[in-house]
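Working notes, beginning with the structure itself.
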């Protein structure tokens, strides 16, 4: 996926709610594009340690617009899998 918005839309389809419920998490994963706008930016957060760091930053769960409690780890795993050919490095 090319843009955090597309990841957020994917999260809304998968977990319910609205893309805005997930946008800040996906923006965080791709924040390194500010300094390195090529795919190698993924080396900084697109791995298991990055997913666990997202939990520390955003908390263990978030509640989407549908009232469903979603683990932040699921959102991080989804983001990384979508960017890394279905795997989590």
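The values are calculated or read from the model by the stated rules, or taken from the named source; none is laboratory data. Computed from a predicted structure; not experimentally measured. Positions of Cβ are backbone-derived with ideal geometry, glycine not excepted, and every protein chain shown enters the neighbour counts.
If the condition is being assigned to a helix (DSSP H, G or I) and either in contact (Cβ under 8 Å) with a residue 40 or more places away in the chain or touching a helix residue (DSSP H, G or I) at 6+ places or on another chain (Cβ under 6 Å) (or both), then segment 20-29 contributes 20, 21, 23, 25, 26, 27, 29. Taking the listed residues 70, 75, 88, the one that is in contact with a helix residue (DSSP H, G or I) (Cβ under 9 Å, 6 or more places away or on another chain) and part of a strand (DSSP E or B) is 70, with no other qualifying. Filtered by the rule that a residue be within 10 Å of the chain's Cα centre (by Cα) and surrounded by fewer than 17 Cβ atoms within 10 Å (Cβ to Cβ), segment 6-29 gives 24, 27. Here residue 17 meets each of (1) at pLDDT 95 or above; (2) outside any loop (DSSP other than H, G, I, E, B) with one exception, condition (2). Residue-level check: of (1) closer than 16 Å to residue 89 by Cβ; (2) modelled with pLDDT of 95 or more; (3) touching a helix residue (DSSP H, G or I) at 6+ places or on another chain (Cβ under 7 Å), residue 41 misses just (2). Just so you know, in segment 1-11 the residues that are touching a residue at least 24 places away in the same chain (Cβ under 8 Å) and in a helix (DSSP H, G or I) include one that is farthest from residue 68 (Cα to Cα), and it is 4.
Just so you know, in segment 30-67 the residues that are assigned to a loop (DSSP other than H, G, I, E, B) and in contact with a strand residue (DSSP E or B) (Cβ under 7 Å, 6 or more places away or on another chain) include one that is surrounded by the fewest Cβ atoms within 10 Å (Cβ to Cβ), and it is 60.
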